[in-house]
Amino acid sequence: MSTTSPHASNLILGAGLAGLSLADALLRRGVRSPIVIADAREDFTNDRTWGFWDVHPHPYRNLVQQRWSQWSFRSGTTARRQSSLLAPYCYLPADRFYRDVVTRLRAASNCNLLLGTTIGEVCEDGAGVTVETSAGDLSASHLFDAMGTRGPTWPSTVPQPGPGVICQRFLGWFVTATEPVFDSSCVTLMDFDVTPNGELHFVYVLPFSSTRALVEDTTIGLDGIQLTEHRGEVERYLGHRYGLTTWQVEREEVATIPMLHVNRSEPSSKRLIPVGTAAGTVRPSSGYAFVRTQLQVAALAARVAEGRPFAVPVGRHRDVFLDRVFLDVLQHDPEAFSRNLMMLAKRLSGDRFARFMMDAASPADLLSMIAALPKLPFVRGAVRVGREHVRR
Ligand SMILES: Cc1cc2nc3c(=O)[nH]c(=O)nc-3n(C[C@H](O)[C@H](O)[C@H](O)COP(=O)(O)OP(=O)(O)OC[C@H]3O[C@@H](n4cnc5c(N)ncnc54)[C@H](O)[C@@H]3O)c2cc1C
């Protein structure tokens, strides 16, 4: 391979959430050595919506567009509301984040953002790493893989998202209604009043005002449903939940998020450092990744600034175990899982729930959660996960 660009100290593959956050964190840490970020995308559009609970401090709090201190779970005519003034649910549109970070990176003299650059083979030798790209080869002493599931560090043993792989799949519409029907004080996290399809199936509603909301039809399971079926479910929901017959769809967002445990206990190489999804920041039991990514990136940037660019593990051991049990119980009986969640919503406080969702549960929170859940399915799940662990 011929090297057409100067040797970068910090080469970041992928300028999505993790790659941009890492570059920004390196600048914030005072890193002055060259930072190169390469991505196939030509520009940054409002391609996703980040929701999370405001539990951990992070640098993008000022970009949050809306906060709700109440959220609900619904099934038929039953609604369970949870609330938290300490940890409200936040909405951060991706375009705000991209604009803010990219402006800072472009203004930094040591940072080079290469868009429209497709990344190919990565070769590692004693001296460093060389990456083939559509803009020529890039070399570095080590690189950060922020390419999601498509990068060089994604383990060959962990499947790519697709049919037969457990994923959260959703299609959401940003809807403007002709009448004021949405309750703008409360997010609907999960409404199970949908057509059963053998997977965990629910609708999620972020109400921006009484006439505007993001309404997402979501499945968690192996195969999901067709996009046309998702659209049909959103239409049906707008009709039967809100009595709407007409509305306008501003835009649509679609996702397939793998809900897989990415084991990072033994990194394959010290020169290839996974970040974001590649490192397992997508929480397997929920699909949430924004805050985990910020925590991982902050720790990694601190190591780089100290001259120790080593991979940073994601998630605590006990949360990893609980996530495995949750996923196991979900896969064994997806439709019963909605009853378990309704029970959890009834018995657990909003503060405890928010901390659990954001990896900040205390031992007392975890005990309350275990007490709130039906015991038998989760004990069976824990035994199956334990057995699986012993077999490996
Ligand atoms: C629609 C949607 C909604 C989501 N909502 C939430 C939410 O509410 N809360 C939450 O916590 N998480 C959410 N997530 C999950 C998660 O936060 C995001 O997927 C997040 O963007 C993952 O960050 P990442 O940097 O790992 O991957 P990405 O942001 O996907 O970045 C990967 C980058 O790698 C680039 N790339 C890949 N292959 C190549 C190649 N061969 N050459 C060059 N470039 C390449 C891509 O262009 C991309 O820019 C959502 C995801 C989606 C898709």
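A short reminder: the numbers here are calculations on the coordinates, not readings from a lab. Worth saying up front: this structure is predicted, and the values here are computed from it rather than measured. Every residue, glycine as well, gets a Cβ built from its backbone with ideal geometry; the counts of neighbours run over all protein chains shown.
Contact order, relative form, for the chain: 20 percent (alpha carbon pairs under 8 Å, 6 or more residues apart, mean separation divided by residue count).
Placing +1 on each Lys and Arg Cβ and -1 on each Asp and Glu Cβ, with no other charges, gives the chain a dipole about its Cα centre of roughly 1420 debye. With a cut-off of 11 Å between beta carbons, the residues surrounding Thr133 carry a summed charge of -4, where Lys and Arg count +1 and Asp and Glu -1. Each of Thr130, Val175, Val101 was scored by the projection of its Cα onto the charge dipole of the chain, and the greatest displacement toward the positive side belongs to Val101; charges sit on the C-beta of Lys, Arg, Asp and Glu. Length available on full extension from His261 to Ala127: 0.36 nm per residue minus the Cα-Cα distance, which gives 45.1 nm.
By per-residue mean of other Cβ atoms within 10 Å, what is the highest-first order of 165-171, 307-313?
The densest-packed peptide leads the list: 165-171, 307-313.
Projected label points at Arg29 and Asp137, each 7 Å from Cα along the beta carbon direction, are separated by 2.8 nanometres. Peptide packing for 292-302, 146-156, 273-283 was compared via the average number of neighbouring C-beta atoms within 10 Å per residue; ordered from the highest value, the list is 273-283, 292-302, 146-156. Helix 334-347 against the longest principal axis of the chain: what's the angle in degrees, Cα atoms only, rounded to the nearest 10? Taking Cα atoms only, the helix is inclined about 80 degrees. Taking the helices alone, the chain has a mean residue ellipticity at 222 nm of -10000 deg cm²/dmol, built from -39,500 (n - 2.57) per DSSP H run of at least 4 residues and averaged over all its residues. If R0 is 41 Å, the Cβ-Cβ spacing of Ala371 and Arg99 corresponds to a FRET efficiency of close to 0.40.
By the scheme Lys and Arg +1, Asp and Glu -1, what is the net charge of all other residues having a beta-carbon under 15 Å from that of Gly30? Here the count lands on +3. The charge dipole of the range 167-258, taken about its Cα centre with unit charges on the Cβ of Lys, Arg, Asp and Glu (plus for the first two, minus for the last two), comes to roughly 140 debye. If you take the charge dipole of the chain about its Cα centre, with +1 on Lys and Arg Cβ and -1 on Asp and Glu Cβ, which of Trp50, Val234, Met358 is farthest toward its positive end? Comparing the listed Cα positions along the dipole, Met358 ranks first. Between Phe310 and Ser184, the contour length at 0.36 nm per residue exceeds the Cα-Cα span by 41.0 nm. Projected label points at Arg387 and Leu63, each 7 Å from Cα along the beta carbon direction, are separated by 4.6 nanometres.
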